[in-house]
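Notes follow once the structure below has been shown.
Here, each number is a calculation from the coordinates, and none is a lab measurement. Being a predicted model, the structure only gives us computed values, none of them experimental. Here the Cβ is made from the backbone with ideal geometry for all residues, glycine too, and neighbour counts use every protein chain on show.
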Amino acid sequence: MTKITELSQLDLNQTYSYADYLTWRLTETVELIKGKIMLMSPAPNVGHQRIERNLIIDIGTHLKNQRCQVFPAPFDVRLYDRKKSMLNNQDIYTVVQPDLCVVCNPELLDQQGCNGAPDWIIEILSKGNSKREMQIKFQLYQESGVQEYWLVYPEQEAIHQFVLDDGRYQLKNMYAEDDQAIPSLFPDLAIDLTELFEHPVAD
């Protein structure tokens, strides 16, 4: 079997499974969306990484010694219709790497990442990936049963909070300026947007 080390060795029109994905040794980071290869955006900028770091600190501190755990990218999340039971790698055709995800069911975790829908996913938008997060992944996360989905807008310094209700996402809140963003899953956690979107003097 040919070792896959370059994207050019793959047929972008072909449908691949997670089992295929695990055999690749690519330098590029890719996701699988319903079997189709999707290139990830280039490495995030400093502002993106600073926001992600601040979220990890706030959420991780809150979840310390709790059942739920927060995981930053790169972290493989395998998704499929929430009506299906846990699938094997060869039967999974979607694997994504959210900026942050919170998993409360330890049975979904294995050595490869998360096999099934996390409880909460956060995506930090950038110019190169906003369509994917706002449209493609929005539908994926809704279909697979991710209970809460946050879209973070660094330039606008805002957050849109979506919560699953009867199988469809409803926009629950739009946070901006000096608001405190409160996840539905953890109502005693308040994330201060002023601190989240901090601007160090060096910027």
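Here are the numbers for the structure shown:
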quantity: Degrees separating the helix 46-63 axis from the principal Cα axis of the chain, which is the longest one; calculated: 80 degrees
quantity: Ordering of 6-14, 30-38 by packing [mean C-beta count within 10 Å, highest first]; calculated: 30-38, 6-14
quantity: Pairs from 64/172; 36/137; 34/137; 36/172 whose Cα-Cα separation, in the structure shown, is over 20 Å; calculated: 64/172; 36/172
quantity: Computed over segment 3-61, the ratio Rg/Rh where both radii use C-alpha atoms and Rh is Kirkwood; calculated: 1.13
quantity: Cysteines without a disulfide-compatible partner [the chain; Cβ-Cβ under 4.7 Å]; calculated: 101, 114
quantity: Largest-first ellipsoid semi-axes for segment 125-203, taking √(5λ) over the Cα gyration tensor eigenvalues, angstrom; calculated: 24, 17, 8
quantity: Karplus-derived HN-Hα couplings along segment 165-181 (A = 6.51, B = -1.76, C = 1.60, θ = phi - 60°), whole Hz, x at Gly and Pro; calculated: 9, 6, x, 10, 6, 10, 6, 8, 8, 10, 9, 7, 6, 9, 5, 10, 7
quantity: Relative contact order (%) - segment 1-152, alpha-carbon pairs under 8 angstrom, separation at least six; calculated: 22 percent
quantity: Estimated vicinal HN-Hα couplings, Hz - segment 106-118 in sequence order (Karplus 6.51, -1.76, 1.60; Gly, Pro = x); calculated: x, 5, 7, 8, 9, 5, 8, x, 10, 9, x, 7, x
quantity: Of 105, 32, 156, farthest towards positive along the dipole that unit charges on Lys, Arg, Asp, Glu beta carbons give the chain; calculated: 32
quantity: Structure-based [θ]222 nm, the chain - -39500 (n - 2.57) summed over DSSP H runs of at least 4, per residue, nearest 500; calculated: -5000 deg cm²/dmol
quantity: Amide H within-cut-off set for residue 29, under 5 Å, with H built and near neighbours excluded; calculated: 40
quantity: Cα-based equivalent ellipsoid, the chain: semi-axes from gyration tensor eigenvalues, Å; calculated: 29, 20, 15
quantity: Enclosed volume per residue, in Å³, of the convex hull spanned by Cα atoms of segment 33-115; calculated: 106 Å³
